[in-house]
Structures are given as structure tokens and as C-alpha cells.
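This report refers to the structure that appears directly beneath it.
The values are calculated or read from the model by the stated rules, or taken from the named source; none is laboratory data. Computed from a predicted model, the values in this text were never measured in an experiment. Ideal geometry is used to build each Cβ from the backbone, glycine not excepted, and the neighbour counts take in all protein chains shown. Keep in mind that these areas ignore ligands, DNA and RNA; they rest on the heavy atoms of the full protein, side chains included. Shrake-Rupley method; radii C 1.70, N 1.55, O 1.52, S 1.80 Å.
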Amino acid sequence: MDLGEFEADNSVSCRLASAIPDVCKTEDCCLGIDEAGRGPVLGPMVYGICFCPVAKKEALKDLKVADSKTLTEAQREDLFRKLDEAKSFVGWALQILSPNTISTSMLQRSKYNLNALSHDAAIGLVQFALDSGVQLKEVFVDTVGPAEKYQEKLSQRFPGVEVTVRPKADSLFPIVSAASICAKVARDHSVKDWNFPEDLGEVDADYGSGYPNDPKTKAWLLKELDPVFGYPQFVRFSWSTTQTLLDSKAVTVHWDDDEEDGEKAAARQNNTSMLSYFKTGSKTSAQQGNTHQTHRFFTERRLQSLATL
């Protein structure tokens, strides 16, 4: 599997897809959706879809696809190769959600949780298939959250398509199993060959599966923690595992209450407010009565503070 487009910039999300089989543009098709990497603290989460004509369901079964979690890495690689070779009637697409995307989404001021991210990724992939001309008749989904509500949401979003949402759908429907294999292979490749964009020198690549309870992952998180900068973007900062380690091992950072005036907060902590550096001739307790000298950045550029406009 070629992940070159994602590897070129793994700080953002990326969509990859196979060619659309001609038969999928003329015959009613079924489509399966599944993900890989929802739980790990390291690496991306990958959403995958796989689709084929309804009349080719038995041919898909003949490929002996199964839930990716029940297969070895070698078996998944072999099955993905077979799916990719069946391009005359099978197509696939992936949405790779980078760990940076996950972290910034979940930690932004207006919360965007993992379920919402997952739903939007799935909806985006179904829409991609429709926009590509795939004649969708049936969609099968491994549930995220309550199955009935998710099914209703997808049915309203895609009227005319028969939507089935089930727990463990990857073990019930071969087309979902195929999507699961595509997603898992992409996730495994991205984690194994992760390119660290940060200038970190030699980074220990023995980080295990990326799951919080993996001893190798635990050891790697402790080893690679920088007390000031935390972790590279390979790590999901929004995970409680990460936050606990940063709180206990990293340098403490105090953020003033947004509603508190900056100068009052500085005075309370007996510090100099950053605002004071923009004033001429101001006096602070930290300067003990000495006249504040304007920084040369301002004097060299002939910049002055204005009290009024």
C-alpha cells in the first residue's frame, strides 16, 4: 500500500483511494465501513470503505476476508493484495486522521469528540463514493456509539440507500471485513514507517502497538517525554494517558484565567505583566522604581506606544 501522499505531510489528514471499477458505476453496489486505530495513543486513526456490486458478494466471500483483528499481519497483507488485485469489481478508499488532527480537534475550545470525528469521516467516505459515481444500494457500518441513532443519522443523510449499523459488523458482513482489512493495513504501515517531522535526532522506533496498555508503548512514552515541549505529533495529546504523564513529568505551566486582567494576574503572582513592555517610562515592583527602558526592537524601528488614537 502506497501511503506516500500521507507520509509527505503526516500532520494533516489525508484521503487515499483505488480506481473506481466501471462495473460499480452501472450496477447496484454494497459498501462497508470500518476503522482501525481508534484506541491507541500513538499514530493515526484510519477509516476505510470497501465496495463492490451486490451481485459480487459471493465472489468477495471467496476471497475469505475476515475481521482484521482475527488475522495476523501477514494474512492482512495477503488479503489486501487480493482485494487490490480484484480491481475489476472491488474498490476502496481511506480517510487517514492524523494524530495531530485528532488532538487539535478534541482539545479545541468548542469540543469535537472522537465519535463526531468518526461519524464525519464515515459520512465523508460514503459521499466520496457517491460523488465518484458508485451506485450505492446498501451500506453496512460497524457502529460508533448507539447503533440505532447512528443508523438513523446515516439514513437521513443518504436517503435511498439502505443503511445497516451493527456492533461487530466486521465479523458479520464480508464487505465490512474488507474495509477493516484496508484500514488496518494502512494504519500498520503508517505507524511502522512513521516519519517524524520534528528534528529529534535518533528516535527509538520500538514503540509497540501504540495502545496505552502496551508495555513497549508505556516505556516509549516515558523515554521520549520532553519536559518542556512534551511529545512529537506522533502522540495524541488529547489522550488521558498523555495528559497524565505531562502533568506528572513535564514542567508546570500556569495559564491565567482568561477573564482576569493580565496586569492584575501578574501583580497577584508578583510578576511583570507582558503588557508593561509596551509602555514607556512605566514602573513595576519587579523593577523597584527604575525607569523601564524600551527594548531596542521598538527604538530601532522608531515605534512608540500611543495612549490615544
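Listed values, structure above:
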{"read-out": "Separation in nanometres of the label points that stand 7 Å from Cα toward Cβ, at GLU162 and ASP9", "value": "4.2 nm"}
{"read-out": "Estimated FRET transfer efficiency when R0 is 35 angstrom, pair ASP206-LEU303 (beta carbons, to 0.05)", "value": "0.10"}
{"read-out": "With Cα atoms, 0 to 90° folded angle of helix 240-249 axis to the chain main axis", "value": "30 degrees"}
{"read-out": "Heavy-atom accessible surface of the chain: percent carbon and sulfur, 1.4 Å", "value": "50 percent"}
{"read-out": "0 to 90° range, to nearest 10: angle between helix 174-192 axis and the chain longest Cα axis", "value": "40 degrees"}
{"read-out": "Highest-first arrangement of 35-45, 209-219, where packing means the average Cβ count within 10 Å", "value": "35-45, 209-219"}
{"read-out": "Potential extension, ALA19-LEU172 segment - 0.36 nm per residue separation minus Cα distance", "value": "52.5 nm"}
{"read-out": "Rounded accessible area per residue of segment 1-69, 1.4 Å, Å²", "value": "41 Å²"}
{"read-out": "Convex hull projection area averaged over all views, segment 131-254, Cα basis, nm²", "value": "11.4 nm²"}
{"read-out": "Value at 222 nm in deg cm²/dmol, rounded to 500, when DSSP H runs of n ≥ 4 in the chain each add -39,500 (n - 2.57)", "value": "-11000 deg cm²/dmol"}
{"read-out": "Greater than 25 Å apart at Cα, pairs in LYS25/LYS149; LYS149/LYS218; LYS82/LYS192", "value": "LYS25/LYS149; LYS149/LYS218"}
{"read-out": "Tilt relative to the chain, helix 114-131 - C-alpha long axis, 0 to 90 degrees, to 10", "value": "50 degrees"}
{"read-out": "Debye log10 I(q)/I(0) at q = 0.08, 0.12, 0.14 Å⁻¹ for the chain, Cα point scatterers", "value": "-0.50, -0.84, -1.03"}
{"read-out": "Estimated inter-spin distance, VAL253 and ASN113, nm [label 7 Å along Cα→Cβ]", "value": "2.5 nm"}
{"read-out": "Considering only the chain, percent of DSSP beta bridges that pair antiparallel, nearest 5", "value": "70 percent"}
{"read-out": "Cα→Cβ-extended label distance, 7 Å offset, between THR244 and ASP120, nm", "value": "2.8 nm"}
